[in-house]
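I have placed the structure first, in the form of structure tokens, so that the comments after it can refer back to it.
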Amino acid sequence: MTEEGGTKEEPVKEKVSRAWCLSKEEVESLGKVGILVESSFGSARDIEWAISNDNIFLLQARPITTEDKPTDYEIVHGLDSGLLTENEYLTIANVGEVFPGSASPF
């Protein structure tokens, strides 16, 4: 952000843009925290976190609302057939979390 309130864009070197933002140790620590949180609550959680000075802070851990897990067959064959009419639309986005509650595509 600029002091005037706008946005300043700066080019980023490709080497920097391709670099990992987390170390292997941070990834492993986050995985362990995720397992601990899931076992503590007894169910899978949608976790938001932050890392500062090598400390992991949990900002939020809420239940995952879309736990209708597909079978392996459904994952492999879910998009095998085409749409039935030219007026149909398909999304595999997580609409339930983006638009909680009742939602209409119209």
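Every number in this text was worked out from the coordinates using simple rules, so none of it is lab data. Since the model is a prediction, treat every value here as computed from it, not as a measurement. Note: ideal-geometry Cβ built from the backbone for every residue, glycine included; neighbour counts use all protein chains shown.
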With a cap of 13 neighbouring Cβ atoms within 10 Å, and only residues DSSP puts in a loop, list the trypsin sites (Lys or Arg not before Pro) found in the range 1-64. LYS8, LYS13, ARG18
Straight-distance crosslink candidates among lysines, where the alpha carbon sits under 27 Å from LYS24 and sequence neighbours closer than 8 are dropped: LYS13, LYS15, LYS32
Are there chymotrypsin sites (Phe, Trp or Tyr not before Pro) in the range 1-49 that DSSP marks as loop and that have at most 15 other Cβ atoms within 10 Å, and which are they? TRP20
